Structure formats: C-alpha cells, structure tokens
Amino acid sequence: MSASPARRTALTVLRRVEEQGAYADRALHGDARDLDPRDRALAKRLVFGTVQRRATLDWIIAQHVDRRLEPQVRAALLLGLYQLLYTDVPPHAAVAESVELAKPSPGAKLVNAVLRKVQREGVQLPTDDTPEGAAIRHSHPAWLVTLWWDWLGAQETRALLAADNEPAELALRINPLAGVDVELEGRREDDALIIDGPLDVLAHPLYAAGAITPMSRASQRVARAVDPQAGERILDLCAAPGGKTTHLAALMGDEGEIVAVERHPRRAQALAAQAVRLHATSVRVQVADAKEITADALGGRFDRVLVDPPCSGLGTLRSHPDLRWRVTPESIEALRIEQEAIVAAARGALTPGGRLVYSTCTLSPREEIVAGEIVRTLPHRDKTDGFYIAVADGE
C-alpha cells in the first residue's frame with residue numbers, strides 16, 4: 001500500500017512549514033499544482049487544519065511520546081491525529097496512510113501505536129475556562145488568548161477562538177466596471193456574493209473577464225467607508241494587492257483619480273495588472289514608501305485618503321493558518337511604529353475637511369491608532385474576517 005497523492009503532498013508541505021518556515025498557502029500552491037482538483041482540495045484541508053491545530057496536536061503527542069521524533073515521523077503523526085480527531089476520514093484510512101507516510105523509518109511503528117490508542121481511547125483536552133486551557137483546546141498562542149481574554153472577555157474569546165478554526169467563507173466582489181452579468185449561485189450583500197459550494201475562482205471565466213474577484217465581506221466595507229465620489233482625487237496607501245483600490249474605482253464609476261502607493265516594485269506591478277483586469281482605468285500606481293509621501297510629490301492634496309497599512313493580520317487566521325504562530329507581541333509593537341508614521345504622512349496629504357479612513361485586518365488594540373467613527377468586525381459575530389475601520393475627518 002502507498003499513501004495517496006493528496007496525503008503525500010500534505011506531508012511535503014507540512015514539513016516545509018515546520019522545518020523551513022514556509023507559508024502554508026504558498027507552499028501548497030507550488031507543491032499541489034499538479035494534483036487533480038479533488039486531491040488538491042484534500043491536501044489543502046489536511047495542511048491548513050493540521051497547522052491550525054498544531055498546539056492541540058503537539059499537546060496530545062506529548063501525552064503519548066517521551067522522545068524527540070524524526071521530522072517525517074512527527075509530520076505523519078500530526079496528519080494522522082488531525083484526520084482522526086477533526087475530519088470525517090475513515091479511521092482505518094487515517095491510521096494506515098499515516099503509517100505509510102512515516103515509512104521507511106522505524107518510527108512508523110510508533111505512529112501506528114499512538115494513532116490506534118487515540119482511536120481506541122480518544123483524548124481528554126483541557127477545558128477552556130482559563131486562558132491556558134483555551135490556548136491548548138483551541139490551538140492558539142497563549143499570549144494571544146490572554147490578550148483577547150483581557151480585552152474581549154472570556155465568553156467572546158472562546159467564541160472567537162472556535163471561529164478561527166472554521167473554514168473561511170468564500171466571498172467574491174462583483175465588479176460592475178466589467179459590464180458582465182454574473183450568474184453564480186450565492187447570497188448577495190451589496191457588492192459581495194457569498195458562495196456556499198466549491199468554486200475554483202481563479203480558473204473561472206468571470207475572473208479573467210474582471211467581473212469577479214475574491215474579497216472578504218469585511219474587506220469590502222473599507223472602500224464603502226471611504227465613500228469616494230465621482231471626480232474626486234483619492235489616495236490609497238499600501239495599496240497592493242489592489243482589492244480595495246479597485247473597489248474604490250468601482251464605487252466612483254471609474255471617474256476621478258486614484259493614486260495607489262506601494263513601496264515594493266513587484267507588488268506595485270501586480271497591483272497595476274489587477275487594475276487592468278478589473279477595468280479600473282482611474283488608478284495610477286506610484287512606487288513609493290507610504291511613510292515618506294508628500295502632497296507636493298503626488299500632485300497636490302487629496303479629497304480622501306485610505307490607509308491600509310501592514311498589520312499583524314490577526315483577523316484573518318481562518319485563511320492564513322500559520323499566521324497565529326508567526327505574530328509576536330514584539331512584532332505588533334514594530335508594526336505600530338510603522339502604522340503611526342504612515343498615518344502622519346496621510347494626514348499631510350489630505351485636504352482640509354477631507355476624509356481619512358484607517359483599516360487593519362487584525363484584532364489587536366495596540367494597532368487601533370486612529371479614532372473616529374468605528375466599524376469593527378469579528379469572525380464569530382459577523383462570519384467574516386476581523387477588521388478595524390476608523391473614519392476620521394481631516395483638520
């Protein structure tokens with residue numbers, strides 16, 4: 001017997017994440033490229049789920065194993081435990097294929113023993129009535145659980161932790177600038193279309209036509225908060241990959257000027273390509289550091305400015321399974337310094353009486369640096385990404 005292509009790929013990707021620090025979604029995009037759609041979907045489910053549940057699975061392994069495991073053996077055991085405990089994969093398949101993944105190492109026998117014991121006896125996880133127990137049960141870093149526990153309260157935090165481990169909804173933005181009718185099954189909410197079943201968005205003809213683009217409902221609230229009007233000058237700082245930029249153009253009917261600032265040349269190039277695909281001719285891409293921009297350098301002040309700076313991304317943990325393990329309190333403080341500098345530059349480019357909108361896709365009070373009219377989304381309440389959006393008037 002040999003393990004299925006999907007599980008072989010999942011093992012490879014998981015090892016790259018664990019041993020090389022690779023991002024799960026990027027590694028999967030490369031390694032799963034040649035799989036058929038069904039196997040690719042299974043590989044993604046196994047990788048994302050195992051990475052999300054890593055703290056819980058590590059805790060379970062520690063209850064059964066008292067020595068360091070070879071990387072391949074450990075990865076195979078993690079995949080097997082995830083399938084046994086969190087999927088509807090038949091137990092015999094989860095055990096047998098995980099053992100195959102561990103071969104030819106002698107550690108395959110240990111994988112078999114641990115999985116069969118868990119299958120037979122189950123597991124008893126800590127309760128989530130304390131931050132420490134919740135961190136293990138819901139597989140989040142202890143520091144983050146404590147942060148949310150103190151900020152949101154115990155009940156809200158438990159609900160948020162549980163929501164983070166659920167699959168993200170598939171939301172599209174319908175783009176009227178394409179002039180194409182979109183006839184897809186789903187639930188409509190403003191420009192958003194929420195798809196219930198599977199859909200290969202990037203391979204769909206409507207994507208190539210610029211009629212649809214993947215974008216969470218929370219992210220779509222940002223451009224609406226800016227409320228751009230036809231004929232205005234809009235500044236979008238840290239604009240790549242361009243979802244909000246092109247949404248602004250659509251809301252303006254593509255009449256006016258949007259200066260989209262991005263400091264990374266390759267990301268700026270991708271942003272320009274995105275604007276072309278989505279028929280946003282009002283967008284002008286400017287390669288520059290958002291902290292250093294001036295109104296004079298950009299041709300004058302702007303009616304509205306959107307600041308969507310680099311952030312910790314803690315509102316997007318369902319879509320980015322390994323992000324929870326990468327963010328640290330220290331990295332948040334470094335981001336805050338950069339965010340403050342970008343906001344200062346943005347205020348200098350805003351016309352008196354104009355509108356400044358600050359948005360982050362995170363749930364981190366240290367990154368809520370702009371006050372004003374606030375919109376906050378929470379995954380467990382709003383069934384979309386966690387966002388902080390602040391609307392402030394210019395001085």
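The values are calculated or read from the model by the stated rules, or taken from the named source; none is laboratory data. All figures in this text were calculated on a predicted structure; none of them were measured in a lab. Methodologically, a virtual Cβ is constructed for each residue, glycine included, from the backbone with ideal geometry; neighbour enumeration extends over all protein chains shown. For accessibility, only protein heavy atoms count, side chains too; no ligands or nucleic acids. Shrake-Rupley method; radii C 1.70, N 1.55, O 1.52, S 1.80 Å.
Report yes if residue 97 is of a type in the set (D, E, K, R) and either in contact with a Lys or Arg (Cβ under 8 Å, 6 or more places away or on another chain) or at positive phi (or both), otherwise no.
Working: of a type in the set (D, E, K, R): yes; either in contact with a Lys or Arg (Cβ under 8 Å, 6 or more places away or on another chain) or at positive phi (or both): yes.
It is true that residue 97 is of a type in the set (D, E, K, R) and either in contact with a Lys or Arg (Cβ under 8 Å, 6 or more places away or on another chain) or at positive phi (or both).
So is residue 334 of a type in the set (A, V, I, L, M, F, W, C) and over 21 Å from residue 367 (Cα atoms) or not?
Details: of a type in the set (A, V, I, L, M, F, W, C): yes; over 21 Å from residue 367 (Cα atoms): no.
When the stated conditions are applied, residue 334 does not pass them.
Hey, does segment 354-361 have a residue that's surrounded by fewer than 22 Cβ atoms within 10 Å (Cβ to Cβ) and either on the phi > 0 side of the Ramachandran plot or outside any strand (DSSP E or B) (or both)?
Applying the first criterion (surrounded by fewer than 22 Cβ atoms within 10 Å (Cβ to Cβ)) to segment 354-361 yields 354.
Cutting the leftovers down to either on the phi > 0 side of the Ramachandran plot or outside any strand (DSSP E or B) (or both) gives us none.
There is no residue in segment 354-361 that is surrounded by fewer than 22 Cβ atoms within 10 Å (Cβ to Cβ) and either on the phi > 0 side of the Ramachandran plot or outside any strand (DSSP E or B) (or both).
What are the pairs with Cβ atoms under 8 angstrom where one residue, in segment 39-60, is of a type in the set (Asp, Glu) and the other, located anywhere, is open to solvent by 30 Å² or more (accessible area, probe 1.4 Å) and part of a helix (DSSP H, G or I)? Sequence gap at least six, or different chains.
From segment 39-60, the pairs are 39/5.
Which of the residues spanning segment 362-382 are within 24 Å of residue 155 (Cα to Cα), part of a loop (DSSP other than H, G, I, E, B) and open to solvent by less than 40 Å² (accessible area, probe 1.4 Å)?
Result: 362, 363, 364, 378.
Of everything in segment 118-129, what is of a type outside the set (Asp, Glu) and surrounded by 13 or more Cβ atoms within 10 Å (Cβ to Cβ)? Give them in sequence order. If you could, list the steps in order and put the result at the bottom.
Here is the first cut: in segment 118-129, the residues of a type outside the set (Asp, Glu) are 118-120, 122-127.
Across segment 118-129, the qualifying residues are 118, 119, 123, 125, 126.
If I ask for residues that are within 22 Å of the chain's Cα centre (by Cα) and more than 20 Å from residue 320 (Cα to Cα), which ones from segment 29-38 would you list? Let's see the steps before the verdict.
Taking segment 29-38 first, the residues within 22 Å of the chain's Cα centre (by Cα) are 29-33, 37.
If the condition is that a residue be within 22 Å of the chain's Cα centre (by Cα) and more than 20 Å from residue 320 (Cα to Cα), then 37 is the only one that fits.
Could you list, in sequence order, the residues of segment 189-210 that are within 16 Å of residue 247 (Cα to Cα) and surrounded by fewer than 16 Cβ atoms within 10 Å (Cβ to Cβ)?
The answer is 189, 190.
Confirm whether residue 162 is open to solvent by less than 50 Å² (accessible area, probe 1.4 Å) and within 25 Å of residue 392 (Cβ to Cβ). It would help to see each step written out before you state the result.
Working: open to solvent by less than 50 Å² (accessible area, probe 1.4 Å): yes; within 25 Å of residue 392 (Cβ to Cβ): no.
Criteria not met by residue 162.
Taking segment 167-207 on its own, how many of its residues are touching a residue at least 60 places away in the same chain (Cβ under 8 Å) and over 24 Å from residue 281 (Cβ atoms)?
Residues meeting the conditions: 6.
Identify, from the list 224, 217, 233, the residue that is at pLDDT 95 or above, of a type in the set (Lys, Arg) and open to solvent by less than 30 Å² (accessible area, probe 1.4 Å). First the steps, then the outcome.
Values: 224 fails: open to solvent by less than 30 Å² (accessible area, probe 1.4 Å); 233 fails: open to solvent by less than 30 Å² (accessible area, probe 1.4 Å).
Of the residues listed, the single one that is at pLDDT 95 or above, of a type in the set (Lys, Arg) and open to solvent by less than 30 Å² (accessible area, probe 1.4 Å) is 217.
Got at least one residue in segment 143-153 being assigned to a loop (DSSP other than H, G, I, E, B), more than 20 Å from the chain's Cα centre (by Cα) and crowded, with 18+ Cβ neighbours inside 10 Å? Explain how you work it out, then say what you get.
Within segment 143-153, the subset assigned to a loop (DSSP other than H, G, I, E, B) is 153.
Filter once more, so that each one left must be more than 20 Å from the chain's Cα centre (by Cα): 153.
Among the residues that remain, those that are also crowded, with 18+ Cβ neighbours inside 10 Å are: none.
So far as segment 143-153 goes, no, none of its residues is assigned to a loop (DSSP other than H, G, I, E, B), more than 20 Å from the chain's Cα centre (by Cα) and crowded, with 18+ Cβ neighbours inside 10 Å.
Looking only at segment 241-274, how many residues end up being among the aliphatic types (A, V, I, L, M), touching a helix residue (DSSP H, G or I) at 6+ places or on another chain (Cβ under 6 Å) and open to solvent by less than 10 Å² (accessible area, probe 1.4 Å)?
Qualifying residue count, segment 241-274: 4.
May I ask you to list the residues in segment 80-99 that are over 32 Å from the mean Cα position of the chain (by Cα) and touching a residue at least 60 places away in the same chain (Cβ under 8 Å)?
96
Condition check: over 20 Å from residue 386 (Cα atoms) and open to solvent by 50 Å² or more (accessible area, probe 1.4 Å). Does residue 181 satisfy that?
Working: over 20 Å from residue 386 (Cα atoms): yes; open to solvent by 50 Å² or more (accessible area, probe 1.4 Å): yes.
Taking the combined requirement at face value, the residue satisfies it.
How many residues, within segment 130-142, are open to solvent by less than 30 Å² (accessible area, probe 1.4 Å) and assigned to a loop (DSSP other than H, G, I, E, B)?
As a first pass, look at segment 130-142 and keep what is open to solvent by less than 30 Å² (accessible area, probe 1.4 Å): 131, 133-135, 138-141.
Now drop any that are not assigned to a loop (DSSP other than H, G, I, E, B), which leaves 138-141.
Summing the residues that are open to solvent by less than 30 Å² (accessible area, probe 1.4 Å) and assigned to a loop (DSSP other than H, G, I, E, B) in segment 130-142 gives 4.
Across segment 329-353, what is the number of residues that are open to solvent by less than 50 Å² (accessible area, probe 1.4 Å) and within 21 Å of the chain's Cα centre (by Cα)?
Of the residues in segment 329-353, the ones open to solvent by less than 50 Å² (accessible area, probe 1.4 Å) are 331-332, 335, 338-339, 341-343, 345-346, 348-351.
Still in the running and within 21 Å of the chain's Cα centre (by Cα): 331-332, 335, 338-339.
Adding up the residues that qualify gives 5.
Only residues that are in contact (Cβ under 8 Å) with a residue 24 or more places away in the chain, under 15 Å from residue 326 (Cβ atoms) and surrounded by fewer than 21 Cβ atoms within 10 Å (Cβ to Cβ): list them for segment 1-18, please.
Residues of segment 1-18 that are in contact (Cβ under 8 Å) with a residue 24 or more places away in the chain, as a first pass: 1-11, 13-15, 17-18.
From what is left, the residues that are under 15 Å from residue 326 (Cβ atoms) are 17-18.
18 - this is the single residue of segment 1-18 that is in contact (Cβ under 8 Å) with a residue 24 or more places away in the chain, under 15 Å from residue 326 (Cβ atoms) and surrounded by fewer than 21 Cβ atoms within 10 Å (Cβ to Cβ).
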